[in-house]
Amino acid sequence: MATPQDTPMTCPCCGDEATKTCSGCRDIRYCSAACQKSDWKIHKHLCKSLGQFPERPRKDMRRAIYFPPDGDKPVFTWLETYPGIGCAHVETEGIIDFGRSKGSISIPLNVRTMRPLSKRIELHYDDEFNFNYDCQNPALRTACNDVIRVSWRGPLLAYTGATSAETGDIMSVEDFPMHQYSALMAYLIKLNECSHESLNTFYRQLVAKKIQAARIVEAAKRLPGRPVFEGVEINEDHPAYLVKYGRLAKVIGRGAEPGEISPISQRIGMPLVAWKYPTLKMPSTQNKQGNEEVTAMFINIDTNEDQFGFAPLDWNGPKVADVLLTRGDQKTLDPDTAAAFAAYCHYHILPFVERALVKGSATKQYINRALEEVTPEKWALFQEQWQKLQAKSAEVGDTLVAGKPRMGLTLADYRSVVARFLP
């Protein structure tokens, strides 16, 4: 489901559908008289001047908002724009000259509604304003009704436009609308309470693509009635997708451990990334079963005879608590598929691996026999049988399921596994 956005058809104060048009500027809508009244103290400084603003002088000019360093209130101005490579450009000469000290802030959301803006706002300012100007910008102080405490000095220029989905850069500059002006002022006032970086972090988490994944609950937390495999929703920039799968987390999880791919899942063409939830050190009295379903997923199935059949220590025993399981391709992974894969590893693949290791070390012959069971076709068959078992299908017999040999388990075993995984 897409994240709701702030648009000309939504109220800039609460985000609800807006049907009440301002009679002064005719360029902003509200959901109610109450929201319009609450926004008036900001809106009033530019409301009437929109109707008095001169006609567009040229086709390449776009309406922007200017906070003059020697003016008493914000004003509209025409801004020359032209296309560039990968983004649009604006010409500020004739309005202000920042020289080499131009700074900029990209404003992606309305902090009153905590929704992304449909068009991004760019705010340009003098990056050396503390040295080049003696006092705060009076036009900005007026616009904020003197509630802003950030010591903005010198000129400020704001414009807006549609952005590239890939880079986030503004690709085409558009006329600055009044509903965006409300969002601009809300953002500047909000900087009293938190940093621009923290607001942008919130925005990136807000708009990140949501991935359906599964949480595997450790043995010590398994209570009657609680499923072992729970559905969870994570962001596309979750630390599970860090370097071990060739991705970099954008925001969260600084210093977090990356996820690791189950070698069995990779071999069957459904690479699953497992990631350990952060946990406190396990007390000596706590249940030390760990998460044996996950351990089975990490059995080494490399054809190297010395390494075959063993799981890495990090994925063995009590070191494995709750685990996030997600698809490496970021497609949906439902709890039932996660449970089926865990059963496939633990109750079908593991017995073949143990047979290969019965004499202490695996031989090429036994390794190859085990690997015959780790294929996309065998996984599909196992999953089909798993689903029929869950449905208590009449096709499930003691030795056959839908006319095909049962994979790995007796009927009693299957029922036990289903009951334990999916209560």
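Every number here is computed from the coordinates shown, using simple stated rules; none is lab data. Keep in mind the model is a prediction, meaning the values are calculated, not measured. Cβ coordinates were reconstructed from backbone atoms using ideal geometry, including for glycine residues, and neighbour counts include every protein chain displayed.
Can you sort Tyr82, Tyr366, Tyr181 from fewest to most other Cβ atoms within 10 Å of each residue's own Cβ? Walk me through the numbers on the way to the answer.
Values: Tyr82 10, Tyr366 20, Tyr181 28.
Sorted ascending by nearby Cβ count, the order is Tyr82, Tyr366, Tyr181.
Which order, highest average first, do 18-26, 333-341 follow once you tally other Cβ atoms within 10 Å for each residue and take the mean per peptide?
Details: 18-26: 14.7, 333-341: 22.0.
Per-residue mean Cβ counts within 10 Å order the peptides as 333-341, 18-26.
Could you work out Rg/(2.2 N^0.38 Å) for the range 20-206, with Rg from alpha carbons only?
Details: Rg = 16.0 Å, N = 187, 2.2 N^0.38 = 16.1 Å.
Compactness ratio reported: 0.99.
In 5 Å bins starting at zero, report the fraction of Cα pairs in the range 44-91 per bin as a rounded %.
Here the calculated profile for the range 44-91 is 5, 18, 23, 21, 16, 10, 5, 1.
So for the range 51-154, Kirkwood radius off the Cα pairs, Stokes-Einstein at 25 °C and 0.890 mPa s: how many µm² s⁻¹?
Values: Rh = 15.5 Å.
In µm²/s, the coefficient rounds to 159.
Going 7 Å from the Cα of Asp146 in the Cα-to-Cβ direction, what parts of the range 68-94 have a backbone nitrogen less than 17 Å from that spot?
72-74
Mean shadow of the range 1-121, computed from the convex hull of its alpha carbons, in nm²?
Its average projected convex-hull area is 9.9 nm².
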